[in-house]
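Nothing in this text is a laboratory measurement; each read-out follows from the coordinates by a stated rule. Computed from a predicted structure; not experimentally measured. Because the Cβ atoms are built from the backbone with ideal geometry, glycine has one as well, and the counts that use them run over all protein chains shown.
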Amino acid sequence: MIELCRDRVPSGEFRVHDLADPLDWIDDASFDLVLLALAIEYVDDRVSALLELRRVITPQGALVISRQHPTADWLANGGNYFDTRIIEETWSRGWHLRYWLAPLEQTCEEIAQSGFLIGRLLERDQRLKLRRLIPRIRTPPTRAWLRDFSTCVEMRVPLTKVRNFMRAHPQSLLHNSDRQGLLR
């Protein structure tokens, strides 16, 4: 993956990093935007990793996280959706994967514990894809198909709730200039 990045963007700097370790090679508040794509569920101490990401993001910056939807893995692995547990799988090429299966509520709580405020939560809408597939389904869905399936929900936080949150958590991520306008 790193080689592909270097080939496509020769002027860029790319590294492999274990999110369990501090980002000690990055200064505080050095990034406006951090993208954490399909990685958070592989980290044992997610709150510490998110706190470290918060450290390197500017006060006006943002963190964008994507993760597999827990419903698909819960349907595939059974058990209680609200039980947090480790899943271990071996994929067809012999790749051994170990990741955390946790309800979406827990992920949102870990994000909040790290000092981030969720501005928007989107879940992929697979309803149209599902409608097209139903006539052709003759066998039970595969694990990959279940992993892709999710419902569509958009979470919006009413401004009054944001104001209340900011009053209760003055140390949060918003810059003071932004805070004054928001609290009016």
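Label separation (ASP83 vs ARG8): 4.0 nm, computed from points 7 Å beyond Cα along the C-beta direction. Of the residues THR71, THR84, THR107, the one with the fewest other Cβ atoms within 10 Å heads the list, and the complete ranking is THR84, THR71, THR107. Note that the stretch 23-32 has calculated 3J(HN,Hα) couplings of 8, 5, 8, 10, 6, 4, 6, 9, 10, 7 Hz, one per residue in order, obtained from phi through the Karplus relation 6.51 cos²θ - 1.76 cosθ + 1.60 (θ = phi - 60°); glycine and proline are x.
The label-point distance for LEU38 and ALA20, in a model that sets each label 7 Å from Cα toward Cβ, rounds to 2.2 nm. Net charge dipole, the stretch 1-77: roughly 280 debye, given to the nearest 20, about the Cα centre with Cβ charges of +1 for Lys and Arg and -1 for Asp and Glu. Could you tell me which trypsin sites (Lys or Arg not before Pro) in the stretch 1-68 are loop residues by DSSP with no more than 10 other beta carbons within 10 angstrom of their beta carbon? Here the trypsin sites (Lys or Arg not before Pro) that fit, given the DSSP loop and packing criteria, are ARG15. Are there GluC sites (Glu not before Pro) in the stretch 1-62 that DSSP marks as loop and that have at most 12 other Cβ atoms within 10 Å, and which are they? Within the stretch 1-62, the qualifying GluC sites (Glu not before Pro) (loop, at most 12 other Cβ atoms within 10 Å) are GLU13. Among the chymotrypsin sites (Phe, Trp or Tyr not before Pro) found in the stretch 21-93, those both in a DSSP coil and sparsely packed, with 13 or fewer other Cβ atoms within 10 Å of their Cβ, are TRP25, PHE82, TRP91. Going from the fewest other Cβ atoms within 10 Å to the most, the residues HIS96, HIS69 appear in the order HIS96, HIS69.
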